[in-house]
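Only one structure is covered here, and it is reproduced in the block below.
The values are calculated or read from the model by the stated rules, or taken from the named source; none is laboratory data. Model, not experiment: these values are computed from the prediction. Neighbour counts run over all protein chains shown; Cβ positions are idealised from the backbone, glycine included.
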Amino acid sequence: MPLEPHHWLLKSPALVRHTFRRPHDAAAWYSEQFRRHADILSGSYAPLPTPADLTRHLAAPADLTGGWWTTGGRFLSLNLIACGPHSQWPHPCPGERPMPG
């Protein structure tokens, strides 16, 4: 995982699982991924923000990262990275980069 979330946009587009045009759709995906894995989380953690709060955050646009320890000593990392227009980072969205070759 990159030290700064926006550096995910420098990785190969093949590593991107999903892209979303609307913050609401991205927030719904993030919430669903969290729910799908909630039964394997270990320890205590802050509750996930509401979908409306996630949508407002993503519409800023701002990155959203989360990480939780799971049973068996694994780590679940969920990341949504804002791209174009991003207030601080000029990296293009995965679908906007020329493919090598």
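This table checks each residue for (1) basic (Lys, Arg); (2) within 18 Å of Lys11 (Cα to Cα); (3) touching a strand residue (DSSP E or B) at 6+ places or on another chain (Cβ under 7 Å); (4) at pLDDT 75 or above.
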site: Ile40; (1), (2), (3), (4): no, no, yes, yes
site: Thr50; (1), (2), (3), (4): no, no, no, yes
site: Thr55; (1), (2), (3), (4): no, no, no, yes
site: Gly66; (1), (2), (3), (4): no, no, yes, yes
site: Pro98; (1), (2), (3), (4): no, yes, no, no
site: Gly101; (1), (2), (3), (4): no, yes, no, no
TODO: Would you tally the residues in region 16-44 being farther than 22 Å from Trp69 by Cα, assigned to a helix (DSSP H, G or I) and without any contact (Cβ under 8 Å) to a residue 12 or more places away in the chain?
DONE: 1
